[in-house]
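The next block holds one structure in the form of structure tokens; read it before the comments.
Read the figures in this text as sums done on the coordinates, not as results from a lab. Since this is a predicted model, take the numbers as computed values, not measurements. A quick note on method: Cβ atoms are made from the backbone with ideal geometry, for glycine too, and the neighbour counts reach across all protein chains shown.
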Amino acid sequence: MALHSAENRGLRELYVTGRQLRRHWRKLAGRLEATGGARAPQLREGSDAARAMLSQLTDVTAARGLWGKPGAQGFGAQLAGMRNALVDPALEVNQALRLAVLDVQHVVTLLAYLERLAAQREDEELRAFLGGWGERMRANEDAIREVAIGLGDAPAEAIAPCTPGLAGRAAHGLANRVGTLGEWLDRRSAR
């Protein structure tokens, strides 16, 4: 049976978001290890899971006439590269981890949506594949969410720069100055 256009678009999006999660979480794990963080194992496990999912997804979608390389996965790699270069350096550890939860939450929601689409077409093989990966990625979502929430018990660690070294301190300092300016403007407008 041919894929519905909603499945086609959704599966290509899964290639994009899966690749983005893989590359972003891998880089974030390295950053946190360099700052002495203990969160790297969950991020690396999630990155490895995304890599395995993408590897298996290639065979599943090729059998249905859909491919994710180089376009979709390349775009996902570019998105991760932008986040790694432009966003994460300015973040605190807690912010980076809470945003990482959103990466995997997007993938989990997309897998559940695609599972429903496959069920509508009565493609049991695809439905089972998507459901299985949905469960596995949900476990990664739960694990990294717990780590992010747990930083509430370590406020000093939570607000540490996400990126080590001079670049991290500079980006974090700039973000703090912008935040301080915003607070000053809010106080002034509240008077």
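Data overview
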quantity: Nearest-ten-degree value, helix 71-82 long axis tilted from longest Cα axis of the chain; calculated: 10 degrees
quantity: For a label point 7 Å along the Cα-to-beta-carbon line of E124, residues of the stretch 62-86 with backbone N under 12 Å; calculated: none
quantity: Cβ-based exposure ranking for F129, F75, in which fewest neighbours within 10 Å come first; calculated: F75, F129
quantity: Label-point gap, in nm, between S55 and L102 - each point 7 angstrom along Cα→Cβ; calculated: 3.0 nm
quantity: Acute angle (nearest 10 degrees) that the helix 124-150 long axis makes with the longest principal axis of the chain, alpha-carbon atoms; calculated: 10 degrees
quantity: Between 0 and 90°, nearest 10: helix 165-190 axis offset from the chain longest Cα axis; calculated: 80 degrees
quantity: Simple Cβ-charge dipole of the stretch 5-190, Lys/Arg +1 and Asp/Glu -1, about Cα centre, in debye nearest 20; calculated: 660 debye
quantity: Within a Gaussian network of the chain (alpha carbon springs, distance under 10 Å), most fluctuating of R44, R177, R169; calculated: R177
quantity: Residue among G131, I144, W184 farthest towards the positive dipole end of the chain, charges placed on Cβ; calculated: W184
quantity: Cβ-based net charge around A118, under 13 Å, with every Lys or Arg adding one and every Asp or Glu removing one; calculated: -2
quantity: Mean separation of Cα contacts under 8 Å (6+ apart) over length of the stretch 1-57, as relative contact order %; calculated: 37 percent
quantity: Extension gain, R177 back to A34 (0.36 nm per residue minus Cα-Cα distance, nm); calculated: 49.1 nm
